[in-house]
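The values are calculated or read from the model by the stated rules, or taken from the named source; none is laboratory data. This is a predicted model, so every value here is computed, not measured. Cβ placement follows ideal geometry from the backbone for every residue including glycine, while neighbour counts extend to all protein chains displayed.
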Amino acid sequence: MVSKMATLPSKPESLTVKAIYDWWAAKPQRLSRRLGASQIGQECEQRLWYAFRWCALEQFDGRMLRLFNRGHREEALFTEELRGIGCKVQDLDPSTGEQFTFTACGGHFVAKIDGVALGVPEAPKTWHNISYKTSGEKSFSEMAGKPDERRKHREAPLQFPQPGKGVAVAHPEHVAQNQIEMRLASLDRTLYLAVCKDDDSLYAERINADEAEGARLEAKAERVIFADVPPQGISTDPSFFKCKFCPASKVCHTTQLPRVSCRTCLHSTPEKDGDGRWSCAKWNADIPADAQPEGCPEHRYIPALLKRWGEPVDASNDDNWVEYKAADGFTFRNGARGPGSFESSELAAATPALIRDKAANELRDAFDARFVEHKEAA
């Protein structure tokens, strides 16, 4: 006779832990006004363009937000440690009392550095850009070596060279960030200092400025920021592994439209003069930063964002509409609400199939209705 082992009841989630995660999740997740130095190392320029234009916004749960904040909490400790070994560290800009901030590309690109340090043991007379990072065991081991290799190195550093592959292999995006930081801050060395979140091991590497690489990255930022249409992506295959995990995947590879904002509107332009200035051709005025996230009723999508819905075949500046024709011959307008004409907010809430649905459009026209986003009841 075979007896079955009783199944133990699963342990319920802690209400305290849930409350903490919910607290983090409830914090406002602000839209970034500028393209950042921490992003510029990403391979896909289309992804960067979508991020800058607020086409694809990553939403994180409370646990992930808390994890990201871990890096901020480490910064003060890193600074204390560097000062403790005799380094002079400036973690705030003395002219502003705030974090050192450098901009380029008309103020649309930003690099915020963790600080500068003098007295680094390897080169005590050289000012260094300092870059603090936290890392999980897997990526830390690739950079600094496996735990047993790291132990040998700590015990006899002159006998055992640093066993890992270094920052350039493990985190090329961090090197790109440091290169553009040094370029904008007019520094020629970075002290990269990382901690393993699993065992508190530290890793340090000095990175030399590469003038050509810094210039290439700044040119890349300018190309992305001032592009009227999305640059070419790294793949047209949605199953490509880098695309599958990209926050812009649905906007890039499907008919899903990005949210309505001034940055997805054909009337808006990031200007090259000023401090991150955007202008609106419809209203012939600058667009205040606080107005950009919501846009206005005159919003019309950048036609390239509707490429999977149809090709633009006609337009009217005076009446503010763009007409599109799909491959099957179906035509519609992105314009003021009317028969066959849809405001941007309607298109964002609809699908190509819905705007073709005869019954839905009859109801819409009979009751002067609009397609709206469906939200589940709480």
Which numbered condition trips up CYS87, out of (1) over 20 Å from ARG183 (Cα atoms); (2) crowded, with 17+ Cβ neighbours inside 10 Å; (3) in contact (Cβ under 8 Å) with a residue 60 or more places away in the chain? (3)
When (1) surrounded by 13 or more Cβ atoms within 10 Å (Cβ to Cβ); (2) of a type in the set (A, V, I, L, M); (3) in contact (Cβ under 8 Å) with a residue 12 or more places away in the chain; (4) assigned to a strand (DSSP E or B) are applied to ALA336, the one that fails is (4)
Testing ASP61 on (1) over 30 Å from LEU257 (Cα atoms); (2) surrounded by fewer than 18 Cβ atoms within 10 Å (Cβ to Cβ), one condition comes back false. Which one is that? (1)
Name the single residue, out of those in segment 1-60 being of a type in the set (Val, Ile, Thr) and at pLDDT below 95, that is farthest from GLN177 (Cα to Cα). VAL2
Residues of segment 280-333 being closer than 16 Å to ALA353 by Cα, free of Cβ contacts under 8 Å to residues at least 24 places away in the same chain and among the hydrophobic types (A, V, I, L, M, F, W, C), in sequence order, are ALA327, PHE332
So for segment 134-145 (the condition being farther than 26 Å from ARG183 by Cα, assigned by TED's automatic domain parsing to the domain that holds ALA194, without any contact (Cβ under 8 Å) to a residue 24 or more places away in the chain and loosely packed, with under 15 Cβ neighbours inside 10 Å), does at least one residue qualify? yes
Surrounded by 18 or more Cβ atoms within 10 Å (Cβ to Cβ) and within 29 Å of PRO303 (Cα to Cα): which single residue out of ALA221, ALA194 fits that description? ALA221
Residue under question is ASP328, and the condition is that it be of a type in the set (Asp, Glu), modelled with pLDDT of 95 or more and either in contact with a Ser or Thr (Cβ under 9 Å, 6 or more places away or on another chain) or in the same structural domain as LEU187 (by TED's automatic domain parsing) (or both); does it hold? no
Helices (runs of 4 or more DSSP H) (entirely within segment 10-103) containing at least 3 residues that are within 30 Å of GLY233 (Cα to Cα), in the same structural domain as TRP127 (by TED's automatic domain parsing) and within 25 Å of the chain's Cα centre (by Cα): 45-52, 62-84
For GLN232, the lone unmet condition from (1) crowded, with 18+ Cβ neighbours inside 10 Å; (2) outside the structural domain of ALA104 (by TED's automatic domain parsing) is (1)
Among the residues of segment 289-329, which ones are aromatic (Phe, Trp, Tyr) and in a loop (DSSP other than H, G, I, E, B)? TRP309
Applying the selection to segment 339-351, what residues are in a loop (DSSP other than H, G, I, E, B) and not small (Gly, Ala, Ser)? PRO339, GLU343, THR351
